[in-house]
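Read-outs throughout are calculated quantities, based only on the coordinates presented, and are distinct from any laboratory measurement. Owing to the predicted nature of the structure, the values given are computational and were not obtained by experimental measurement. Cβ: placed from backbone, ideal geometry, glycine included. Neighbour counts: every protein chain shown.
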Amino acid sequence: MLLKNFFIGLSQNQLLNSLAQKYGFKLGAQSVVAGTNIEEMIESVKELNTYGISCTIDNLGEFVYEKEEATKAKKQILDVIEAIKVNNVDAHISLKPTQLGLDIDYDFCLSNLQEIVAKADSYDIFINFDMEDYGHLQPSFDLIDELSKEHDNIGTVIQAYFFRAEEDIQKYKDYRLRLVKGAYKESEAVAYQDKRVIDSNLVALIEYHLLNGKFTSIATHDHNIINHVKRFVAENNISKEKFEFQMLYGFRKELQHELAKEGYNFCTYVPFGTDWYGYFMRRLAERPQNLNLIAKQVFNK
Ligand code: FAD
């Protein structure tokens with residue numbers, strides 16, 4: 001727990017974030033980040049596609065407090081949408097509202113998102129709204145409600161550690177949803193802290209959404225939950241077309257390929273870009289053993 005808090009603290013450190021970008025401290029991030037530009041990222045996506053794995057692409061970025069930076073991120077995401085179309089790859093977009101200006105001004109963020117969602121809709125590309133920390137949860141749902149009035153190529157994430165997750169999944173039951181445990185450090189006033197409780201809440205949310213019939217993305221590296229889902233869908237005659245497993249780029253690669261080979265829909269979350277620091281530190285916070293993966297990358301040159 002101490003180590004988790006340590007890495008989450010580092011993930012929110014803006015000075016280290018800017019130093020990491022400025023001096024290019026690689027720290028092994030390349031094993032879990034698919035390149036720093038669109039060309040490199042598209043090559044990674046093409047490779048995953050050859051294994052029958054689809055991708056959700058995240059143009060990395062957070063700590064955005066300047067309009068100029070948010071506008072730059074919007075342009076970059078529009079370019080990614082164009083690249084998906086031009087290269088005809090099996091991929092969609094994951095984005096974070098704070099990268100598009102949620103901490104600057106709600107309406108500014110909404111208008112950035114409107115542009116992105118409209119362009120993606122015109123190409124029939126799905127946009128997933130990643131969910132961030134509790135402070136951004138309700139405003140993110142508000143943005144989704146607003147954008148859903150005109151577009152239906154939107155989905156989001158329900159984080160099982162929140163007390164309100166059950167209520168949220170009922171409200172958003174008609175959406176394509178990604179279900180996760182939750183990655184941020186949250187207070188006991190709003191979130192379960194006990195790992196076993198979070199795990200069983202995630203399972204309950206997964207079962208609810210699968211039985212509901214809407215498309216479900218089960219985003220976890222936890223083989224116990226994955227095996228439970230495999231049994232549950234078989235027992236309840238739920239078609240493989242109705243769900244997918246998702247994992248992060250660079251993690252449990254063998255299991256990713258195995259699930260795709262077994263005929264399950266599989267989608268890899270592919271982060272790319274120069275702003276990799278916060279993402280990278282949260283992965284270390286989730287599982288300090290990930291340091292092994294990174295150490296291998298640094299020393300096995
Ligand atoms: P953990 O609880 O980390 O691990 C459970 C068990 O699985 C471990 O004890 C171990 O036995 C095994 N295991 C886990 N990782 C490995 C590994 N690398 N190698 C070998 N065994 C392993 N969080 C958000 O808050 N918002 C989001 O929008 C969001 N989007 C996500 C999208 C995707 C595709 C994924 C995969 C995660 C996302 N997350 C998001 C993060 C998520 O909330 C969890 O923090 C993260 O996935 C860690 O939890 P876990 O379910 O993978 O399993």
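Would the chain count as rounded, prolate or oblate if I go by the C-alpha gyration tensor, calling it rounded below 1.5 in a/c and otherwise prolate when a/b exceeds b/c, oblate otherwise? Could you put the intermediate results ahead of the total?
Details: a/c = 1.18, a/b = 1.10, b/c = 1.07.
It comes out rounded by the Cα gyration axes.
Using θ = phi - 60° and the Karplus relation 6.51 cos²θ - 1.76 cosθ + 1.60, list the HN-Hα couplings for segment 95-109 in order, rounded to whole Hz, with x at every Gly or Pro.
These are the phi-based 3J(HN,Hα) values: 9, 10, x, 5, 6, 9, x, 4, 7, 9, 6, 4, 5, 4, 5 Hz.
Identify which of Asn59, Asn224, Asn153 has the largest mean-square fluctuation in a Gaussian network model of the chain, with springs joining Cα atoms closer than 10 Å.
In the Gaussian network model the winner is Asn224.
If R0 is 41 Å, what FRET efficiency do you get for Asn227 and Ser122 from their C-beta distance, rounded to 0.05?
For Asn227 and Ser122, the calculated efficiency is 0.55.
Take Arg196, Arg252, Arg178 and order them by how many other Cβ atoms sit within 10 Å, fewest up front.
Ranked by crowding around the Cβ, least crowded first: Arg196, Arg252, Arg178.
Using 0.36 nm per residue of separation minus the Cα-Cα distance, give me the extension gain between Gln114 and Glu241 in nm, one decimal.
Full extension from Gln114 to Glu241 adds 42.8 nm.
Describe numerically, in nm with one decimal, the distance between label points set 7 Å from Cα along Cα→Cβ at Phe163 and at Glu188.
Those two pseudo-labels are separated by 1.2 nm.
Loop-only check: which GluC sites (Glu not before Pro) in segment 101-171 are DSSP coil with at most 12 other Cβ within 10 angstrom?
Glu150
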